[in-house]
Amino acid sequence: MRIQMIRKEMICRICSVGNQKNRFTYRPHLLGDQKELDRNPNEKLQPAEILLNAVTHRQLSGGENILLQRISDIRGELSASTTQIMMQDFGAKRNLFRKNKPAEKSGRIVTKIIGKMYADSTICESQGRFIFNLVREFQPAVCLELGTCMGISAAYVGAALELNQTGRLISIEGSDSLSKIARENLLKIGLTRTTILTGRFQDWLPQVLRESAPFGFIFIDGHHEEQATLNYFEEIIPYAGQKAIFLFDDIYWSFGMNRAWRKIRADRRIGFSLNRSMMGIALKA
């Protein structure tokens, strides 16, 4: 399991190095199609570029490193765990050619080993630090996460909010077993700005959007299917604040997920987007 996670981390780092050139996507003012631009250092940078470059090259302070080390300690515990849990799984199975199956709408009861699930489902450390830096730089007031899992990505967001001394995160997780683990992990780290809701995304979203908007940061990391991802985007974007950040994980999970990401990038309500590692970042116009 540790080898599997190391392999995942290496892939993330290789992809991150490849993305240092930052292929930014803008919607040209006079053209319907988007144009890919390899930015030249001498070109005038847009405000979103300046902020995202700052995110990529942030130097961490001592206080930041202390909190991030606590998250790393939790990661180590999860990676080594051989504990089995029973959980209700509403997510999609990894399959490039996968289509929706009605049975998954009611969830599947599965038994999983925590360490293996950590290796399969958790963002790698470089992705986590990028999310942490993103929230530190943009300082969103209200954050939303779809797919808490065991709370690692929520921990990076929560740590950044803690250091920002403002903001809160609402995270939704379908499995009661995973929600419990996530809450315990956030408590161990000492993070208090996160609320975890247990249940299906579609059951919680209307209430959360109505009561907690506008959202400055939205991380969609669950139910990895094309139409589901597009539906969540459509449901959330009216409640996203000006220049809100959408972050999508596993944009190469399947052909369907990649199609969903390309459709979101092409949406006229998105003013700026880029690929980074296995994630897609889109800023509301």
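Among the residues of the range 230-238, are any under 28 Å from residue 113 (Cβ atoms) and among the aromatic types (Phe, Trp, Tyr)? Checking the range 230-238: not a single residue is under 28 Å from residue 113 (Cβ atoms) and among the aromatic types (Phe, Trp, Tyr).
Scanning the range 221-257 for residues that are surrounded by fewer than 20 Cβ atoms within 10 Å (Cβ to Cβ) and assigned to a strand (DSSP E or B) turns up 241, 242, 243. Looking at the range 140-154, is at least one residue of a type in the set (D, E, K, R) and touching an Asp or Glu at 6+ places or on another chain (Cβ under 8 Å)? Yes, the range 140-154 contains at least one residue that is of a type in the set (D, E, K, R) and touching an Asp or Glu at 6+ places or on another chain (Cβ under 8 Å). The residues of the range 54-72 that are of a type outside the set (Ser, Thr, Tyr), in a helix (DSSP H, G or I) and either under 11 Å from residue 133 (Cα atoms) or in contact (Cβ under 8 Å) with a residue 40 or more places away in the chain (or both), listed by number, are 54, 55, 63, 64, 67, 68, 70, 71.
Can you give me the number of residues within the range 181-198 that are surrounded by 16 or more Cβ atoms within 10 Å (Cβ to Cβ) and either among the basic types (Lys, Arg) or not in a helix (DSSP H, G or I) (or both)?
Kept after step one, since they are surrounded by 16 or more Cβ atoms within 10 Å (Cβ to Cβ), are these residues of the range 181-198: 181-183, 185-186, 189, 191, 193-194, 196-198.
Among the residues that remain, those that are also either among the basic types (Lys, Arg) or not in a helix (DSSP H, G or I) (or both) are: 183, 191, 193-194, 196-198.
The qualifying residues number 7.
For the range 251-278, the set of residues classified as closer than 19 Å to residue 148 by Cα and at pLDDT below 95 consists of 253, 278, listed by residue number.
If the condition is being of a type outside the set (A, V, I, L, M, F, W, C), in contact (Cβ under 8 Å) with a residue 24 or more places away in the chain and not in a strand (DSSP E or B), then the range 154-180 contributes 156, 158, 162, 164, 166, 167, 174, 175, 176, 177, 179.
Of all residues in the range 119-146, count the ones that are in a helix (DSSP H, G or I) and in contact with a strand residue (DSSP E or B) (Cβ under 8 Å, 6 or more places away or on another chain).
Going residue by residue through the range 119-146, those that are in a helix (DSSP H, G or I) are 119-121, 125-138.
Now narrow it down to the ones that are in contact with a strand residue (DSSP E or B) (Cβ under 8 Å, 6 or more places away or on another chain): 127, 130-131, 134-135, 138.
Selection size over the range 119-146: 6.
Among the residues in the range 202-220, are any in a loop (DSSP other than H, G, I, E, B) and either surrounded by 16 or more Cβ atoms within 10 Å (Cβ to Cβ) or under 17 Å from the mean Cα position of the chain (by Cα) (or both)? No: the range 202-220 contains no residue that is in a loop (DSSP other than H, G, I, E, B) and either surrounded by 16 or more Cβ atoms within 10 Å (Cβ to Cβ) or under 17 Å from the mean Cα position of the chain (by Cα) (or both). Residue count for the range 112-126 satisfying the condition of being of a type in the set (Val, Ile, Thr) and under 16 Å from residue 86 (Cβ atoms): 2.
For the range 164-202, filtering for residues that are modelled with pLDDT under 95 and over 18 Å from residue 87 (Cα atoms) leaves 1.
Would you call residue 227 without any contact (Cβ under 8 Å) to a residue 24 or more places away in the chain and not charged (D, E, K, R)? So that I can check it myself, show each step before the final result.
Numbers: without any contact (Cβ under 8 Å) to a residue 24 or more places away in the chain: no; not charged (D, E, K, R): yes.
Considered against the rule, which asks whether it is without any contact (Cβ under 8 Å) to a residue 24 or more places away in the chain and not charged (D, E, K, R), residue 227 comes out as no.
The values are calculated or read from the model by the stated rules, or taken from the named source; none is laboratory data. This structure is a prediction, so every number in the text was calculated from the model and none was measured. Heads up, the Cβs are rebuilt from the backbone with ideal geometry, glycines too, and the neighbour counts pull from every protein chain shown.
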